[in-house]
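Notes to accompany the following structure.
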Amino acid sequence: MITSSKPARFLAAATLAVTAGAGAAVTGGMPVHAETHAETSPTGITAVTAPELPDTPAGRQLGWVLRAVSRAPVPEPELRAHVAAGFLKDYPPALLNQALAEYRGITFQRLTASQERRLVARVLLGRIPIDLIISVDGAGLIDGLLFRAPDARSWSEVDRRLRAIAPGTGLLAAELTADGRCRPVHAIAAGKRRPLGSMIKLYVLGTVAQQIKRGAYGWDTELTIKDELKSLPSGELQNRPDGSRVTVLEAAKLMISISDNTATDLLIHKAGREAIERTLRAWGVHDERNVPLLTTRELFVLKGVTYPRLAKKYLSLDDRAQRAYLSKVVAGQKLADVKIYTMPRELDTLEWFAAPRDICRAYAELLKLDDGRIGQVMSINDGAIGLDRTTWPAVWFKGGSEPGLSDVSYLARTAEGKAYVVTAMSVDRKTPIGNVATLEQIGLARSAFTLAHGS
């Protein structure tokens, strides 16, 4: 579940990569924020110089980006003078500015690759290295902009960098065997259950798919959007009028691809919370904190309305009384009264819980259902992992976040048909985990696939 601490689109601030058409001419220049380097002359006098940017269309736009991040939000006319129209269609000025602001304070370190219309620059945000990849169209306008964590070259580097993200860390890189088991290749506390955020939606999808397989309803069954079933963003269904209809398949696609919370709650209502609880247990997750299973709306209310009064009361009750409290008290609260929180809150009590090895099994169970619609749903958003699609033609993704929590999970198949699952979980109970840390998780997950496949 994405709160106001994250952009509405998953990792829009951390990963922007689209292809767009041509536009107007651009201007360029040298960066304001450039890491300086000292050079000693033969006379012993030290001169301080900044790395030079190439006088190419891509190099000039790199100079603009380095200046723009320091003063975002950038006025829309200026954005349109530097960014292709097609890119801005996918990432409107407000969203792009939100993304640029995430990288305020970056310093340019060096170029690692440079061509006329594409370059890769190593920048630093504090001590975190980031690869900034820029491409431009024929008119010199930015049509690709990607902030990406550099690859790790060893498991020890993966471990070190992942542990630096947050005090609580879990990781599993595993190969899925022919009989659907997870064979660990590398792990950090893979059996310890941590908060999931929106990765709980894997179990919602699995429950729905199982019920469809049994003939309870179909992917084309329509669900009705009602005020009492609406949740808060991320997502878009909460903006549709009451009485609007959406198919189960569309709701599932939105739930997974953009982590739509209202779509999730519609599907929980359709499947039944008890059915999802049974799926969790059947798939090996035996954690009483998941019972009763909360909707996203209920989680928002318990953590955001007159906090901590409702939360404390709810947590003092047994399971049966909690179910009654959800229907009689929590359901009556207004979404307008939810105060969005920006610091970690009840991460060990009011959330959904599973371990990295449980998430691996969830992917395995989704594969066993052998339903092509699941593949459609899971492959819409690849979580910006950036795997080479020649080597890894199929990628599934689901992540999860709230203040103090950042999780990513992927299933990827090789061209030869081998399947691997990588899950990284980070928890900080005292401070939020930013988008840049999530960006690091994604880069380490990409590295884990490469290391696991080569082992």
Along the charge dipole of the chain, Cβ charges K/R +1 and D/E -1, which of G332, G404, Q109 sits furthest on the positive end?
-> G332
Note, region 79-84: 3J(HN,Hα) by Karplus (6.51, -1.76, 1.60, θ = phi - 60°), whole Hz, Gly/Pro = x, goes 4, 5, 7, 10, 10, 4
To the nearest 10 Å², what's H269's accessible area with a 1.4 Å probe?
-> 120
Which of V395, P308, P129, positive extreme of dipole for the chain (C-beta unit charges) | P308
So the compactness index of region 107-254, its C-alpha Rg divided by 2.2 N^0.38 Å, takes the value 1.51
Share, in percent, of DSSP beta bridges within the chain that are antiparallel, nearest 5 | 95
Student exercise, region 256-336 dipole from Lys, Arg, Asp, Glu Cβ charges, in Debye to nearest 20 = 320
Relative packing of peptides 87-99, 357-369, 314-326 - highest average C-beta neighbours within 10 Å first = 357-369, 87-99, 314-326
Could you please state, rounded to a whole Å, how far the C-alpha centre of region 219-248 is from the C-alpha centre of region 65-91?
-> 33
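Determine the share of the chain's accessible area contributed by carbon and sulfur atoms, expressed in whole percent, with a 1.4 angstrom probe.
Exposed carbon and sulfur together represent 51 percent of the surface.
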Rounded D (µm²/s) - the chain, Kirkwood Rh over Cα pairs, Stokes-Einstein at 20 °C, 1.002 mPa s = 92
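Sort region 162-206 into rounded, prolate or oblate with this rule: let a ≥ b ≥ c be the square roots of the eigenvalues of the Cα gyration tensor; rounded if a/c is under 1.5, and if a/c is not under 1.5, prolate when a/b is larger than b/c, oblate otherwise.
Working: a/c = 2.84, a/b = 1.18, b/c = 2.40.
Cα axes put region 162-206 in the oblate bin.
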Under 5 Å, built H, 5+ apart or other chain: amide partners of E351 | none
Phi to ³J(HN,Hα) by Karplus 6.51 cos²θ - 1.76 cosθ + 1.60 over region 118-132, Hz, x for Gly, Pro = 8, 8, 10, 10, 8, 10, 10, 10, x, 9, 8, x, 9, 8, 9
Modelled label-to-label distance, R104 and R80, 7 Å Cα→beta-carbon offset: nm?
-> 2.6
For region 375-435: relative contact order, % (alpha-carbon pairs under 8 angstrom, 6 or more apart) = 28
Expressed in nm to one decimal, what extension gain is obtained for the pair A331 and D179 from 0.36 nm per residue of sequence separation less their Cα-Cα distance?
-> 50.4 nm
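What are the trypsin sites (Lys or Arg not before Pro) within region 185-264 that DSSP puts in a loop, where the Cβ has at most 16 other Cβ atoms within 10 Å?
Those satisfying the criteria are K192, R214, K226.
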What relative contact order, as a whole-number percentage, does the chain give when Cα pairs under 8 Å and 6 or more residues apart are counted?
-> 20
Mean Kyte hydropathy of -0.5 or more with a Cα span along the axis of at least 20 Å, helices from DSSP in the chain = 435-454
Where a ≥ b ≥ c are root eigenvalues of the Cα gyration tensor, a/c under 1.5 meaning rounded, otherwise prolate if a/b exceeds b/c and oblate otherwise, region 241-342 counts as oblate
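Taking 0.36 nm per residue of separation and subtracting the Cα-Cα distance, what length does fully extending A94 through D242 add?
That pair, A94 and D242, stretches by 50.6 nm at full extension.
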Give the residues of region 418-437 whose amide nitrogen is closer than 19 Å to a point set 7 Å from the Cα of K312 in the direction of its Cβ.
-> none
Using a 1.4 angstrom probe and counting only protein chains, how large is the accessible area of T224 in Å², to 10?
-> 40
Specify whether the C-alpha gyration tensor of region 97-156 places it in the rounded, prolate or oblate class, a ≥ b ≥ c being the square roots of the eigenvalues: rounded for a/c under 1.5, otherwise prolate if a/b is larger than b/c and oblate if not.
-> oblate
In whole percents, the bins of 5 Å from zero upward hold the Cα-Cα pairs of region 311-455 as 2, 8, 15, 17, 15, 13, 12, 9, 5, 3, 1
Amide H neighbours of H186 at under 5 Å, excluding residues fewer than 5 places away on the same chain, with H built from the backbone geometry, are A173
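Is there a quick way to get the dipole size of region 145-220? I mean about its Cα centre, with the Cβ of Lys and Arg at +1 and of Asp and Glu at -1; what is the value in debye to the nearest 20?
Working: 13 positive and 6 negative charges, 52 e Å.
The dipole of region 145-220 has a size of about 240 debye.
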Quick one: putting +1 on the C-beta of Lys and Arg, -1 on the C-beta of Asp and Glu, what dipole do you get for the chain around its Cα centre, in Debye to the nearest 20?
-> 1020
Say each of D348 and R389 gets a label point 7 Å from the Cα, pointing the same way as Cα to Cβ; how far apart are those two points in nm?
-> 4.4
At the level of C-alpha centres, the distance separating region 253-290 and region 330-390, in angstrom, is 9
In sequence order, what are the phi-derived ³J(HN,Hα) couplings for region 239-247 according to the Karplus relation 6.51 cos²θ - 1.76 cosθ + 1.60 with θ = phi - 60°, rounded to whole Hz, with x for glycine and proline?
-> 8, 7, x, 4, x, 5, 10, 9, 6
On the full set of protein chains, 1.4 Å probe, figure out the accessible area of E52 and give it in Å² to the nearest 10.
-> 150
Describe numerically, in nm with one decimal, the distance between label points set 7 Å from Cα along Cα→Cβ at A324 and at L124.
-> 6.1
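The values are calculated or read from the model by the stated rules, or taken from the named source; none is laboratory data. What you are looking at is a predicted structure, and each value in this text was computed from that prediction instead of being measured. Neighbour counts run over all protein chains shown; Cβ positions are idealised from the backbone, glycine included. All accessible areas refer to the heavy atoms of the entire protein, side chains included, with ligands and DNA or RNA removed. Shrake-Rupley method; radii C 1.70, N 1.55, O 1.52, S 1.80 Å.
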